[in-house]
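Okay, so here's the structure we're looking at.
Just so it is clear, none of the values below were taken in a lab; they were calculated from the coordinates. Because the structure is predicted, anything quoted here is derived from the model rather than measured. Here the Cβ is made from the backbone with ideal geometry for all residues, glycine too, and neighbour counts use every protein chain on show.
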Amino acid sequence: MGKEHYLGIDVGGSTIVYGVITAEGLLIKEKSSSTNPERGASVILNEILRTCEALIEEDSSIVGVGMGLPGTVDPQRGIARDCPNLHWLNIDVLAPFRTGLRVPVYLENDVRCMALAEHTFGAARGTENAICIALGTGIGSGIFVRGDLLRGTSGAAGEVGHMTLIPGGGEQCSCRNSGCWETLASASAIIRNARLGMERAGRMGIPTLLKDPLDGKKVTHAALKGDSIALAVFEEAGKYLGIGLANLVNLFNPECIVIGGGMSLAGDLLFSPAKNEMLKRGMPNPLQDVRIVSAELGCSAGVIGAALLCLLGTIK
Ligand SMILES: [Zn+2]
């Protein structure tokens with residue numbers, strides 16, 4: 001038992017990461033390749049299958065494969081329902097793996113994989129009721145209720161980034177709604193608002209450290225150097241982050257909310273205004289119970305969580 005290994009695959013819009021973990025969550029092998037989504041689903045899936053075969057050939061202790069995809073998936077049926085970054089719509093992902101591999105194969109949304117890793121080995125370990133949020137280009141989550149990942153009717157539970165915070169207005173979202181949480185508090189929102197601020201500063205001759213091409217790191221850097229425009233952008237995004245957190249605290253009464261993803265590296269620039277807003281809006285009792293903590297596993301969480309699907313699959 002103790003010698004079993006699990007293979008996780010984290011498929012992103014630009015990179016596919018493969019990782020082999022032990023039952024204790026130790027990442028013992030990692031490799032990656034470019035996704036190049038324009039190749040189409042069947043070419044990419046065939047390449048992933050060949051890589052799995054080679055890795056299993058090299059390591060006979062691998063007893064299962066788990067895959068995380070960026071989008072809506074049906075874990076039960078093994079189907080990618082809608083993965084916009086990959087341009088995959090209703091693709092039967094697991095069929096070739098189920099016939100091509102001798103070990104069981106599992107599928108899950110990539111943020112839910114990250115959440116599984118943080119819940120099992122990271123910042124939410126030992127908790128029964130927790131929410132793990134990935135704050136990146138968008139906002140996703142994995143929600144744990146009494147220790148189990150909440151999957152919903154078809155595996156889509158946890159899409160917290162698409163709760164509407166501004167009805168009848170706000171920015172257009174990738175989900176075709178507008179005014180969603182992720183249009184207000186994600187890296188995309190921070191970069192968009194920083195650009196607007198930079199352009200306004202340019203017109204008015206106000207000095208700013210913000211320069212194109214902007215990304216989340218550059219806006220963070222400018223804010224840490226005291227740039228007033230970048231600081232205002234974080235203040236606003238943090239406020240909206242806190243509104244969403246208060247909603248989640250009221251809805252789920254979690255023991256902890258773990259925040260990871262690239263934009264979480266901005267730390268207190270975002271978390272201070274977020275916590276203030278959350279404390280203003282949350283209900284007193286659930287607020288007393290919750291801790292807001294940073295993710296611990298970094299960018300390996302996705303691949304570790306994908307591999308963990310095998311472990312959970314064999315337990316239940
Ligand atoms: Zn949305």
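Legend: ranking of residues 277, 58, 47 from fewest to most surrounding C-beta atoms inside 10 Å; resulting order 58, 47, 277. Taking 142, 305, 202 in turn, the Gaussian network model of the chain (Cα-Cα springs below 10 Å) assigns the largest fluctuation to 202. Listing 164, 127 from fewest to most neighbouring C-beta atoms within 10 Å gives 164, 127. With the gyration tensor restricted to C-alpha atoms of the range 240-309, the semi-axes of the equivalent ellipsoid amount to 24, 15, 8 Å, longest first. Length available on full extension from residue 228 to residue 30: 0.36 nm per residue minus the Cα-Cα distance, which gives 67.2 nm. Placing pseudo-labels 7 Å out from each Cα toward the beta carbon at residue 172 and residue 154 gives an inter-label distance of 2.4 nm.
The alpha-carbon of residue 3 sits under 17 angstrom from the alpha-carbons of these aspartates and glutamates, leaving out residues fewer than 8 places away in its chain: 24, 57, 58, 59. Counting charges near residue 258 (Lys, Arg +1; Asp, Glu -1) among other residues having Cβ under 12 Å from its Cβ returns a value of -1.
Compute, for the chain, the length of the dipole vector about the Cα centre, with Cβ point charges of +1 (Lys, Arg) and -1 (Asp, Glu) only. Units Debye, rounded to 20.
Working: 28 positive and 32 negative charges, 104 e Å.
Dipole about the Cα centre, nearest 20: 500 debye.
Amide H to amide H, with H built 1.01 Å from N, residue 5 comes under 5 Å of 62, 63, counting only residues 5 or more places away or on other chains. Between 228, 207, 141, the Cα set farthest toward the positive side of the dipole of the range 127-295 (charges on each charged residue's Cβ, about the Cα centre) is that of 207.
Counting only Cα atoms, I'd like the Rg/Rh figure for the range 129-197, Kirkwood definition for Rh. The Rg/Rh ratio comes out at 1.05.
Straight-line cross-link reach from residue 239 at under 28 Å between alpha-carbon atoms covers these lysines, not counting any fewer than eight positions away in the same chain: 211, 217, 218, 225, 275, 280. Under the criterion of Cα pairs below 8 Å and six or more residues apart, the relative contact order for the chain equals 20 percent. One equal scatterer on each Cα of the range 1-160, no solvent, Debye formula: the resulting log10 I(q)/I(0) at q = 0.09, 0.12, 0.20, 0.21 Å⁻¹ is -0.28, -0.51, -1.43, -1.54. Footprinting exposure proxy ranking of 163, 67, 198, 283, fewest other C-beta atoms within 10 angstrom first, gives 283, 163, 198, 67.
The mean sequence distance of close C-alpha pairs (under 8 Å, at least 6 residues apart), as a share of the length of the range 127-295, puts its relative contact order at 23 percent. Each of residue 250 and residue 47 was given a label point 7 Å from its Cα along the Cα-to-Cβ line. The distance between the two points is 4.6 nm. Computed from Cα atoms, the angle from the helix 268-281 axis to the main principal axis of the chain rounds to 80 degrees.
Checking a compactness column here: for the chain, what do you get for Rg(Cα) / (2.2 N^0.38 Å), N being the number of residues?
On the way: Rg = 20.1 Å, N = 316, 2.2 N^0.38 = 19.6 Å.
Relative to the rule-of-thumb radius for its length, the chain sits at 1.03.
Would you kindly give the portion of the calculated P(r) for the range 55-148 that falls above 23 Å, as a percent of all Cα pairs? Walk me through the numbers on the way to the answer.
Working: 1546 of 4371 pairs.
For the range 55-148, the fraction of Cα-Cα distances above 23 Å is 35 percent.
Computed over the range 127-295, the percent of Cα pairs more than 24 Å apart is 36. In angstrom, the C-alpha Rg and Dmax of the range 1-53 are 12.6, 41.
Taking 0.36 nm per residue of sequence separation and removing the Cα-Cα distance, the residue 89/residue 212 pair yields an extension gain of 40.9 nm.
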